[in-house]
Amino acid sequence: MGSDRTRTPEQIADGIAYVCENVDQVRAALERGPADGPPRLDALLDALRTGADPAAPLESVHRALRAAQDALGVFGRTRDVSMLTPAGLTTDRPYEPVLLCPRTDHPCARYAWPEPDRVPVCRVLETGLRRTTLG
């Protein structure tokens, strides 16, 4: 894939969610690949922590994973447009509580349903997911 590929905001958000949820496995795969793989992941995480645009570093991590023999990379695992609404959400239940990425700039597509005594943690910011409502 050439560097001129333009990803949609949804693809970028899904790609970030994949990396965030699997950061240890992504790092392990990159450590088995080209020498510049782990620094590419670090650059992406830095961009996410500082609120910078993550598109280019995410694409770089995708290419590094592919070079490390990960056939799907980042974007081969993302959802398509038909999956933009979280599974189980119906329009007849407005204001459904949900936990979302805590980042305000370039949030990922990760979500979770609230559970008693458990708040999933963002692996980038090391803070709990943000509670909000859908609808």
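What about residue 26, is it more than 15 Å from residue 123 (Cα to Cα) and within 17 Å of the chain's Cα centre (by Cα)?
Numbers: more than 15 Å from residue 123 (Cα to Cα): no; within 17 Å of the chain's Cα centre (by Cα): yes.
So residue 26 fails the test.
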State the number of residues belonging to the stretch 117-133 that are of a type outside the set (Lys, Arg) and touching an Asp or Glu at 6+ places or on another chain (Cβ under 8 Å).
1
Failed condition for residue 56, given (1) closer than 26 Å to residue 127 by Cβ; (2) touching a residue at least 40 places away in the same chain (Cβ under 8 Å); (3) open to solvent by 40 Å² or more (accessible area, probe 1.4 Å), with all others met?
(2)
A careful count of residues in the stretch 23-53 that are farther than 19 Å from residue 13 by Cα, open to solvent by less than 40 Å² (accessible area, probe 1.4 Å) and either in contact (Cβ under 8 Å) with a residue 12 or more places away in the chain or not in a helix (DSSP H, G or I) (or both) gives 4
Among 125, 89, 72, the single one that is modelled with pLDDT under 85, assigned to a loop (DSSP other than H, G, I, E, B) and either surrounded by 12 or more Cβ atoms within 10 Å (Cβ to Cβ) or among the aromatic types (Phe, Trp, Tyr) (or both) is 89
So which residues in the stretch 2-23 are farther than 18 Å from residue 121 by Cα and among the hydrophobic types (A, V, I, L, M, F, W, C), if there are any at all?
12
Report yes if residue 134 is surrounded by 14 or more Cβ atoms within 10 Å (Cβ to Cβ) and modelled with pLDDT of 90 or more, otherwise no.
no
I'd like the full set of residues that are under 25 Å from residue 102 (Cβ atoms), modelled with pLDDT under 95 and of a type in the set (S, T, N, Q), limited to the stretch 27-69.
50
Under 6 Å by Cβ, and 6 or more places apart or on different chains, what pairs join a residue from the stretch 92-113 that is under 24 Å from residue 11 (Cβ atoms) and surrounded by 11 or more Cβ atoms within 10 Å (Cβ to Cβ) with one that is modelled with pLDDT of 85 or more and among the charged types (D, E, K, R)?
99/131; 100/130; 101/110; 102/130; 109/14
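The values are calculated or read from the model by the stated rules, or taken from the named source; none is laboratory data. These figures come from a predicted structure and were not determined experimentally. Positions of Cβ are backbone-derived with ideal geometry, glycine not excepted, and every protein chain shown enters the neighbour counts. Side chains included, ligands, DNA and RNA excluded: accessible areas come from the protein's heavy atoms. Shrake-Rupley method; radii C 1.70, N 1.55, O 1.52, S 1.80 Å.
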